[in-house]
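Trainee: A single structure is presented below for examination.
The values are calculated or read from the model by the stated rules, or taken from the named source; none is laboratory data. Quantities reported herein were computed from a predicted structural model and do not represent experimental measurements. In this analysis, Cβ positions are derived from the backbone assuming ideal geometry, glycine residues included, and neighbour counts consider all displayed protein chains.
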Amino acid sequence: MKIFLDTADYNAIAERAATGLVDGITTNPTLVRKSGVDYKEFIKTLVSDFAFESISAEVDGEDAGQMIANAEEYIPLGSNVTIKLPLTKEGLIACRHLSHQNVTTNVTLCFSAAQAVMAAKAGATYISPFVGRMNDNSFSGVELVRAISSLYCSQGAQTKVLAASLRDVHHVSRCLLYGAHVVTLPPAVFDKMYNHVLTDAGLDIFEKDFQQIK
């Protein structure tokens, strides 16, 4: 059961990494654009400053050759760099090539169990079903996670399910219940994971009682 942060905000990462509860980082071009960082330098800094088991770097390119060439810019940065590839024909060709070189890969933008089959065949380390985007289009993202997890389990697939596009705490726990190995969360959702109104109320009572017994 692993928790990754889905962000390109260094300060947000550092603050939450201090809890010891973060296992990795996922990024994408949209998050990088919003943060205004240099993508390669940002990945390099994360590798240098943190001991995460996985730090994703999403590659660009119209064909497999371009994606592989882009990946080769990131691979030397550290053994914990995960190359993130699109779930397209060219992306899967690149994934298979990199997997044969023992490069950790994450195939992203998965919206069906059939796509997940192809990613596993390509040797992907992780498959990323997009839960929130499925829900936006009136399909259950959590049920997709369950379908992929069940399929992989029945076939003995080694690819890990990395539930992405998670927007609330409820979906996080459901995805883990239904077989996801990893969940990747925006910092705001991560913060809500350990908060509950009843916990706060109970602490208020205990604090008042502490004052009475001192």
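Trainee: Is there a residue in the stretch 16-32 that is out of contact with any strand residue (DSSP E or B) (no Cβ under 7 Å at 6 or more places or on another chain) and of a type in the set (D, E, K, R)?
Mentor: For the stretch 16-32, residues out of contact with any strand residue (DSSP E or B) (no Cβ under 7 Å at 6 or more places or on another chain) and of a type in the set (D, E, K, R): absent.
Trainee: With the requirement that a residue be more than 17 Å from L109 (Cβ to Cβ) and either crowded, with 16+ Cβ neighbours inside 10 Å or touching a Pro at 6+ places or on another chain (Cβ under 6 Å) (or both), what does the stretch 61-77 give you?
Mentor: I68, Y74, I75, L77 - these are the residues of the stretch 61-77 that are more than 17 Å from L109 (Cβ to Cβ) and either crowded, with 16+ Cβ neighbours inside 10 Å or touching a Pro at 6+ places or on another chain (Cβ under 6 Å) (or both).
Trainee: Which of (1) surrounded by fewer than 21 Cβ atoms within 10 Å (Cβ to Cβ); (2) within 17 Å of S128 (Cβ to Cβ); (3) of a type in the set (D, E) does E58 not meet, given it meets every other one?
Mentor: (1)
Trainee: Related question: Scan F4, F111 and give me the residue that is out of contact with any Phe, Trp or Tyr (no Cβ under 7 Å at 6 or more places or on another chain) and of a type outside the set (G, A, S).
Mentor: Numbers: F111 fails: out of contact with any Phe, Trp or Tyr (no Cβ under 7 Å at 6 or more places or on another chain).
None of the others qualify; the one that does is F4.
Trainee: Would the stretch 156-167 turn up any residue that is in a helix (DSSP H, G or I) and at pLDDT 95 or above?
Mentor: Initially, the stretch 156-167 is screened for residues in a helix (DSSP H, G or I), giving none.
No, the conditions are met nowhere in the stretch 156-167.
Trainee: Identify, from the list T82, T88, T104, the residue that is within 30 Å of S140 (Cα to Cα), polar (S, T, N, Q), modelled with pLDDT of 95 or more and crowded, with 21+ Cβ neighbours inside 10 Å. Walk me through how you get there before you give the answer.
Mentor: Working: T88 fails: crowded, with 21+ Cβ neighbours inside 10 Å; T104 fails: crowded, with 21+ Cβ neighbours inside 10 Å.
Answer to the check: T82.
Trainee: Residue by residue through the stretch 167-192, note down the ones that are touching a residue at least 40 places away in the same chain (Cβ under 8 Å) and in contact with a helix residue (DSSP H, G or I) (Cβ under 7 Å, 6 or more places away or on another chain).
Mentor: H171, C175, V183, L185, P187, F190
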